[in-house]
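Here is the structure we will look at.
What follows draws every value from the coordinates through simple rules; no lab data is involved. Since the structure is predicted, the reported quantities are computational estimates derived from the model, not experimental observations. Neighbour counts are summed over all protein chains in view; Cβ atoms, including those assigned to glycine, are modelled from backbone coordinates with ideal geometry.
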Amino acid sequence: MDTVVRMRPMDEPDPRAARRDSEAGGGAGPATADLAVSPFRADRDRIVSSPFFARLGGVTQVVSAGGSGLLHNRLTHSLKVATVARSIAERLLASPDAADLARKLGGLDPDVAEAAALAHDLGHPPFGHLGEGVLDRVARHRFNLADGFEGNAQTFRILTTTDVRGPSAVGLDLTAAVRAAVLKYPWSRLHRPRPHPSEMPVPPRGAAEPGDAPGTGSSKFCAYSTEWDDFEQARAPFAGRVEPWQQTVEASVMDTADDIAYAIHDLQDFHRIGVLQHAEVAAELGGWTANALELAGLDPATLDSEARRPGRSLERMRRRLHAKDSWIVDDDAFALAVARVRTELVDDLLSGAFDGSIEAEQALAAFSARWTARLVDGVLLTPSPPTRTGHLTLRAAQWHEVQVLKFVHRRFVLLRPDLALHQRGQASLVSTLVDALDAWLVDRDEAYRLPRRLRDLVELARTEYAAIARAEPELLVGATGEPVRGTDAVYELARGRAVIDFVSSLTDKQAVSLLDALSGRASQPWSESFVL
Ligand SMILES: Nc1ccn([C@H]2C[C@H](O)[C@@H](COP(=O)(O)OP(=O)(O)OP(=O)(O)O)O2)c(=O)n1
């Protein structure tokens, strides 16, 4: 790719700072004026002021955000990601070579990276990833929405469409650079850009179709067809700087910061509440280290049949890395990463139970500070990365360490049957709630008593799908690829999108309270725990 960069004359507007409404002749009126002078700082402020941002305090990171308040929720997580993203950006800019490369690739501004990090989880539905999977199934199977639901695409929809910042504004009207920086997976599910990244010989991370659902498009993506115009406008300043399927540098900073933040704080959280036990983690890592050669020689069937014996799960993970990430995987680096995690996590942190003492808090804080610094020190900006990664990557040592840290969390927290039990209940709650709201929407007798927000969302989506039907009818397909034609069919899509928008914007607690009320289990009509 040609990265020769033309210098912009001083009086020419910065295309990275372009806003959609100002291009359309609108712009911020007096009621919505920004305090910050820098457009990217103004974006950061717009995001922080949004009710969608405040809502993240009530949304699950891994387990419910309610209760003790000691575990991370999506708000405290986002604040940490923002801190890490800003410091990565500032460190890169302090190196003349990295700063020069970042400029050639389309620019790097710490305010943009920070704003994107603050915004990156806005689209997470109640109950986090669990809710995401349920809403995707419901969107495709019940409402025939080919785009389904995806947390990152919902983030982009909130920022550009459903959030508002003044009487006439649709979306937060952010700059192109910040909008582009939240595009972790810069493509739509099925059709755009062309050729679609899912068709590449080695697709970027998230672009491949799920093996068990052929024809459903990329497993991760950042824009529904309703937001495609915004997507193209946001990415326009980066054309010729990065490939169409590549993240901008700022998106890559946000993505890496997200990985670093949760790899560390998820382990802290579950040590704090006593779920992460020293003995089982020590046995797994120790079992792999003591028998690495023998385990590497086991055939896959034996490895599967012995899955519960110490070391087997880690060996399966090592093989998965070889299958998916051959661009970086290295057995020596893997063994060193296992050794380091064993020393610093298992022997140091987990060897004493968390008892709330000052000493225990100090140990947690030291673990977090040491690992955050180590991983942030491991970032590297490269001119021509392999397709599986962005321009910003972790060096091999730190990349393997993050994989091992995430493995410990997945194996000893996420795969626990007691967590699965809890999540099955939440999954059923989300899908029942969708059914109940949809039944309310189609009840003719209740047409004038519908929640105002829900009604507004239906109208918004109806306008959007009608516009697509006129301008790009080929994009309007149902979940099995059949064309959607006619006013009634378009309305059905709009109804589905509106219910999904509505449910996905609830906190965990609101979702519970709303279903209680809709099922006749709430005793008070004027409850304050949710706002319709
Ligand atoms: N099945 C899963 C997967 C992840 N998580 C948790 C672990 C991390 O705390 C966080 C990771 O999810 P993110 O959305 O922050 O990031 P990803 O990069 O994994 O996903 P995406 O790229 O879709 O945002 O969610 C979880 O509880 N259950």
Legend entry - Estimated vicinal HN-Hα couplings, Hz - region 354-362 in sequence order (Karplus 6.51, -1.76, 1.60; Gly, Pro = x): 6, 10, x, 6, 4, 4, 5, 5, 5
Legend entry - Charged-residue dipole, Cβ positions (Lys, Arg, Asp, Glu), the chain about Cα centre, Debye nearest 20: 260
Inset, instruction - Please order 421, 56, 336 by the number of other Cβ within 10 Å, starting at the fewest. - result: 421, 336, 56
Legend entry - Unit charges at the beta carbon, dipole of the chain: most positive-side option, 79, 161, 479: 479
Inset, instruction - Quick one: plug the Kirkwood hydrodynamic radius of region 401-510 (C-alpha pairs) into Stokes-Einstein at 25 °C, 0.890 mPa s, and report D in µm²/s. - result: 146
Legend entry - Burial ordering of 254, 317, 200, fewest other beta-carbon atoms within 10 Å first: 200, 317, 254
Legend entry - For region 467-481, Karplus couplings with θ = phi - 60° (6.51, -1.76, 1.60), whole Hz, Gly/Pro x: 5, 5, 4, 6, 8, 9, x, 5, 7, 8, 10, x, 5, 9, x
Legend entry - Contour excess over end-to-end distance, with Cα ends at residue 446 and residue 355 and 0.36 nm allotted per residue: 27.4 nm
Inset, instruction - Give, as a single signed number, the net charge of other residues whose beta carbon lies under 13 Å from the beta carbon of residue 58, with Lys and Arg counted +1 and Asp and Glu -1. - result: +1
Legend entry - ³J(HN,Hα), Karplus 6.51/-1.76/1.60, whole Hz, each residue of region 435-449, x for Gly, Pro: 4, 5, 5, 5, 4, 5, 4, 8, 7, 4, 5, 9, 3, 8, 10
Legend entry - Burial ranking of peptide ranges 260-273, 149-162, 283-296, 386-399 (average Cβ count within 10 Å, highest at the top): 149-162, 260-273, 386-399, 283-296
Inset, instruction - Kindly state, as a whole number, the per residue volume in cubic angstrom of the convex hull around the alpha carbon atoms of region 276-415. - result: 113
Inset, instruction - Pop the C-beta distance of residue 332 and residue 509 into the FRET formula with R0 = 56 Å and round what comes out to the nearest 0.05. - result: 0.70
Legend entry - Segment residue 343-residue 279, length gained on full extension (0.36 nm per residue, minus Cα span): 21.7 nm
Legend entry - Separation of the residue 14 and residue 202 label points, Cα + 7 Å toward Cβ, nm: 3.5
Legend entry - Straight-distance crosslink candidates among lysines, where the alpha carbon sits under 26 Å from residue 80 and sequence neighbours closer than 8 are dropped: 184, 220, 406, 509
Inset, instruction - Work out how far the C-alpha atoms of the chain reach from end to end along every principal axis, then list the three figures in whole Å, largest first. - result: 66, 65, 48
